[in-house]
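The values are calculated or read from the model by the stated rules, or taken from the named source; none is laboratory data. In this text, all values refer to a predicted model and were calculated from it rather than measured experimentally. Note: ideal-geometry Cβ built from the backbone for every residue, glycine included; neighbour counts use all protein chains shown.
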Amino acid sequence: MSRIESFKRALSEKRAVKIIAGIDNFDAESVKKVVKSASNSGASAIDICANPDIIAMARSMTDLPLFVSSIDPQELAHAAILGADAIELGNFDALYKKGLTFSASKVLSLVKRTLELLDRDVFFCVTIPGELEIAEQIELARELEDLGIDLIQTEGHFSKEMPENGVRGLVERAELTLANTIELTRNVEIPVMTATGINPTTAPLAFAAGASAIGCGSCVNKLDSEISMIAVCRSLVEIAEKNAQYTVELV
């Protein structure tokens, strides 16, 4: 089974876990820790930036499927040539901090341009901007589905306001992306990955909302200890596996 086929299987079983190093994380040592942690915990995939050196390093370290994220169609097309198992237009959350915004028409334009540049078939994931009204998100998701996009990723909305401490703060951070997941899974057939604020506390809520996968970044890549990173990744994988078992029991 190819790397991307193994990820597709995890998606179909609603147990996929993607560990995100960061679209703007060009620190080789930081990315290396994320790759090791994801590989040693049984995660389904790793998401890295579009830097060629980072791609080459990650590819040499793991057999897990590599997602490469960017908002640049040329970078995404080049990533496919360099060995990315999947490309992702998105992970916008980190870019909001820099003052960037993404309309539905902008996302659609970037997706179409990327498809024009691709010279091979590659798994394609697109993030639906969390700042869009839900009706716009649904319409964009339907258009992406018509284009043959393989996976859509939800997100919340970046805020400079500090959330509450404890479990309440964790849930508040993920509240919007969970709501978006519910709405999108009700309106499209394309698999949905829930991201933004997803961690061991909120991951069960994401699967309960209908997600086939979770994308987890800051709960892993912001940790200093590699042992802690592995522990969190394993916790996320265990939650996903329990969801898959529960899903099978319901069928």
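Report yes if residue 139 is among the acidic types (Asp, Glu) and more than 18 Å from the chain's Cα centre (by Cα), otherwise no.
Yes: the conditions hold for residue 139.
Among the residues of this structure, residue 214 does not count as one that is in contact with a Leu (Cβ under 8 Å, 6 or more places away or on another chain) and without any contact (Cβ under 8 Å) to a residue 60 or more places away in the chain. So for the stretch 13-21 (the condition being farther than 17 Å from residue 123 by Cβ, modelled with pLDDT under 95 and of a type in the set (D, E, K, R)), does at least one residue qualify? No, there is no match, as no residue in the stretch 13-21 is farther than 17 Å from residue 123 by Cβ, modelled with pLDDT under 95 and of a type in the set (D, E, K, R).
Residues in the stretch 102-122 that are part of a helix (DSSP H, G or I) and under 19 Å from the mean Cα position of the chain (by Cα): 104, 107, 108, 110, 111, 114. Sort out which residues of the stretch 11-29 are assigned to a loop (DSSP other than H, G, I, E, B) and among the hydrophobic types (A, V, I, L, M, F, W, C), and write them in order of number. Within the stretch 11-29, 21, 23, 26 qualify.
Every residue in the stretch 123-135 that is part of a helix (DSSP H, G or I) and either modelled with pLDDT under 95 or touching a helix residue (DSSP H, G or I) at 6+ places or on another chain (Cβ under 6 Å) (or both), please. Before you say what the answer is, go through the steps one by one.
Of the stretch 123-135, the ones part of a helix (DSSP H, G or I) are 134-135.
Of everything in the stretch 123-135, just one residue is part of a helix (DSSP H, G or I) and either modelled with pLDDT under 95 or touching a helix residue (DSSP H, G or I) at 6+ places or on another chain (Cβ under 6 Å) (or both), namely 134.
With respect to (1) more than 23 Å from residue 149 (Cα to Cα); (2) of a type in the set (Gly, Ala, Ser); (3) in a loop (DSSP other than H, G, I, E, B); (4) touching a residue at least 60 places away in the same chain (Cβ under 8 Å), the lone exception for residue 99 is condition (4).
Among (1) surrounded by fewer than 18 Cβ atoms within 10 Å (Cβ to Cβ); (2) touching a helix residue (DSSP H, G or I) at 6+ places or on another chain (Cβ under 7 Å); (3) over 24 Å from residue 45 (Cβ atoms), where does residue 120 come up short? For residue 120, the exception is condition (3).
Do you know which residues across the stretch 49-77 are in a loop (DSSP other than H, G, I, E, B) and closer than 19 Å to residue 153 by Cβ? Walk me through how you get there before you give the answer.
Residues of the stretch 49-77 that are in a loop (DSSP other than H, G, I, E, B), as a first pass: 49-51, 62-65, 71-72.
The answer is 49, 50, 64, 65, 71, 72.
In the stretch 12-36, how many residues are of a type outside the set (Lys, Arg) and buried (at least 21 other Cβ atoms within 10 Å of the Cβ)?
Narrowing the stretch 12-36 to residues of a type outside the set (Lys, Arg): 12-13, 16-17, 19-31, 34-35.
When the remaining residues are screened for being buried (at least 21 other Cβ atoms within 10 Å of the Cβ), the result is 16-17, 19-23, 31, 34-35.
The total comes to 10.
The residue of the stretch 206-236 that is farthest from residue 21 (Cα to Cα), among those that are surrounded by fewer than 22 Cβ atoms within 10 Å (Cβ to Cβ) and of a type in the set (Val, Ile, Thr), is 227.
The condition of being of a type in the set (Asp, Glu), in contact (Cβ under 8 Å) with a residue 12 or more places away in the chain and surrounded by fewer than 18 Cβ atoms within 10 Å (Cβ to Cβ) holds for only one of 93, 53, 47, 85, that being 53. Just one of (1) over 23 Å from residue 234 (Cα atoms); (2) modelled with pLDDT of 95 or more; (3) touching a Phe, Trp or Tyr at 6+ places or on another chain (Cβ under 9 Å); (4) crowded, with 16+ Cβ neighbours inside 10 Å fails for residue 102. It is (2).
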